[in-house]
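Taken together, the values in this text are just the output of simple stated rules run on the coordinates, not laboratory data. A quick note: this is a predicted structure, and the numbers were derived from the prediction, not measured. Reconstructed Cβ throughout: ideal geometry from the backbone, glycine too, with neighbour counts over all protein chains shown.
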Amino acid sequence: MKTATTTEKKTTAAKKPAVKTSTAKTAAPKGTVKAKSTAAEGLGELFKDSLKDIYWAEKALTKALPKMAKNATSTELISALEDHLAQTQEHVQRLESVFQSIGEKAVAKKCDAMDGLIKEGEGIMEETELGVVRDAGIIAASQKIEHYEIATYGTLAAFAKTLGHEEALELLVATLGEEKEADSLLSQIAESHINIDAAEEDSE
């Protein structure tokens, strides 16, 4: 048996087909949501987009809270709602400072989640008689709103920390703390007497 010469080995190796590297994009799995042409491509863009959402949400709340206060009968609840209205107006101004701190113009983009929560609150008021039962419903609607805001501000604070926006982080954390306090106060009001009084309505 003949042994292949070095020249023959090189010729054989040269004839092997080159392995092609595919540059085509991987097809998106079935059911994947198609991104808009303006979709965020980085965390910074997602941060800005989320700020626009909550900015719209806070401004919408400044119109919704007075209606809730007018439909409440508990003096404690009315006071809490009025106080939170003043606080929400401060949150709007604080968000404007957040935008300024990152060199962006304050722009609101409709927040579908907050829009739905406000409409749900209006529905609860329509479906309850004026009095303690409606008060309980207003608290329920208000706390759903607070929980959404707590989740949103917590996420925004985490984004700001990662992106190195120290001033924005400080402002967002301040609002997050106030939203948690507002939620806690609503729980205290509900548990102190409103839920109990509303339950007694069922037994009458």
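Tabulated data
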quantity: Packing-based ranking, highest mean first, of 79-91, 104-116 given that Cβ atoms within 10 Å are counted; calculated: 79-91, 104-116
quantity: Within the stretch 124-160, GluC sites (Glu not before Pro) in DSSP loop having at most 14 other beta-carbon neighbours inside 10 Å; calculated: GLU127, GLU129
quantity: Sites GLU201 and THR155 - FRET efficiency at Förster radius 41 Å, r taken between beta-carbons, to 0.05; calculated: 0.60
quantity: Unit Cα scatterers, Debye sum, the stretch 50-204: log10 I(q)/I(0) for q = 0.16 Å⁻¹; calculated: -0.84
quantity: Inter-site label distance for GLU127 and HIS147 at 7 Å from Cα along Cβ, in nm; calculated: 1.6 nm
quantity: Over 31 Å between alpha carbons, listed pairs LYS34/LYS109; LYS34/LYS161; LYS34/LYS67; LYS30/LYS144; LYS30/LYS59; calculated: LYS34/LYS67; LYS30/LYS144; LYS30/LYS59
